[in-house]
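Worksheet: the structure to be examined is printed underneath.
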Ligand code: OAD
């Protein structure tokens, strides 16, 4: 792949102290995890609203758990790719590196990123809907369903349709976006709110915006620099130049 950084982008990165990576499903596509809206997206095959909401869970917890177990199995068999790894390695070159992700797949942490704000939760965590006790994958099963010791149903710690984002995580993400020098937008359509509002907060706060995506998005016209290509190829190339 022919690649070179323009002077402005290179200089901005060289001078940057604090950088943020705002990531979406596209960054994990090369690890083998289907995106939501692409041509192979999982939402082309089934209606997420029917499964990913609290009422669906109360009505048919077994079905919802089957779906999440299926996704967990896919994710457990996937590894962080060069995009996740490049972001983790950037921690050695900048004063402050923050990942703000819409993904629930835990691949940023598995790659070694230390500050990761998970706006939509994490599929490796679960909690009891009654007493809020937190569980990992060690949830006791009763009658084939994950149940807390208090008797409550245990659910995945992910954000479902109609639910608020975790407010502490969202506020911390907003603060990073307001104070960073460079804000990368990697592998996201940028159309799901309130997560996407963080992009425009970074822009209005003066950050230099760099987008990496295989295609144009709703965000493209607002960024300072776009790279069209796979995140696992483009990110290593960018950071090999600085
Ligand atoms: P989408 O599936 O909407 O978008 C994936 C984006 O990644 C698209 O813009 C693709 O063009 C791009 N893409 C695909 N492969 C790529 C690659 N190898 N390198 C770079 N870019 C690539 O996923 P999100 O934008 O993450 O929320 O979706 C946002 C939210 O929508 C999700 O977190 C989920 C869903 O509702 C919840 O579940 C709460």
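Nothing in this text is a laboratory measurement; each read-out follows from the coordinates by a stated rule. Remember, predicted model here, so these are calculated numbers, not experimental data. Reconstructed Cβ throughout: ideal geometry from the backbone, glycine too, with neighbour counts over all protein chains shown.
Taking R0 as 51 Å, what FRET efficiency do you get between residue 133 and residue 92 from their Cβ-Cβ distance, rounded to the nearest 0.05?
It comes out at approximately 0.85.
Once Rh for region 49-174 is found with the Kirkwood sum over Cα pairs, what is the Stokes-Einstein diffusion coefficient at 25 °C and 0.890 mPa s, in µm²/s? Show your work: numbers first, answer last.
Working: Rh = 15.8 Å.
Approximately 155 µm²/s, per Stokes-Einstein.
Based on the Cβ-Cβ distance from residue 7 to residue 200, what FRET efficiency comes out when R0 is 30 Å, to the nearest 0.05?
Plugging the Cβ-Cβ distance into 1/(1 + (r/R0)^6) gives 0.70.
Using all C-alpha to C-alpha distances in region 1-110, build P(r) with 5 Å bins and read off the rounded percent in each one.
Binned Cα distances yield the sequence 2, 10, 16, 18, 17, 13, 9, 6, 5, 3, 1, 0.
Sort 53-63, 155-165 for me by packing, meaning the mean count of neighbouring Cβ atoms within 10 Å per residue, highest on top.
155-165, 53-63
Taking each pair of different alpha-carbon atoms in region 52-98 once, compute 1/r for the pair, average those values, and report the inverse of that mean as the Kirkwood hydrodynamic radius in Å to one decimal.
Values: mean 1/r = 0.0737 Å⁻¹.
Computed over Cα pairs of region 52-98, the Kirkwood hydrodynamic radius comes out at 13.6 Å.
Multiplying the sequence separation of residue 47 and residue 224 by 0.36 nm and subtracting their Cα-Cα distance, what value in nm do you get?
Stretched out fully, the residue 47 to residue 224 stretch lengthens by 60.2 nm.
For region 179-242, just the Cα set please: Rg and Dmax, both in angstrom.
Values for region 179-242 (Cα only, Rg and Dmax): 11.5, 33 Å.
Could you work out [θ]222 nm for the chain from helices alone, using -39500 (n - 2.57) per DSSP H run of at least four and dividing by all its residues? Round to the nearest 500 deg cm²/dmol.
That calculation yields -9000 deg cm²/dmol at 222 nm.
What is the spin-label model distance, in nm, from residue 66 to residue 142 if the labels are put 7 Å beyond Cα along the C-beta direction?
So the two model labels end up 2.3 nm from each other.
Can you give the Rg to Rh ratio for the chain, taking only C-alpha atoms and Rh from Kirkwood?
In the chain, Rg relative to Rh is 0.99.
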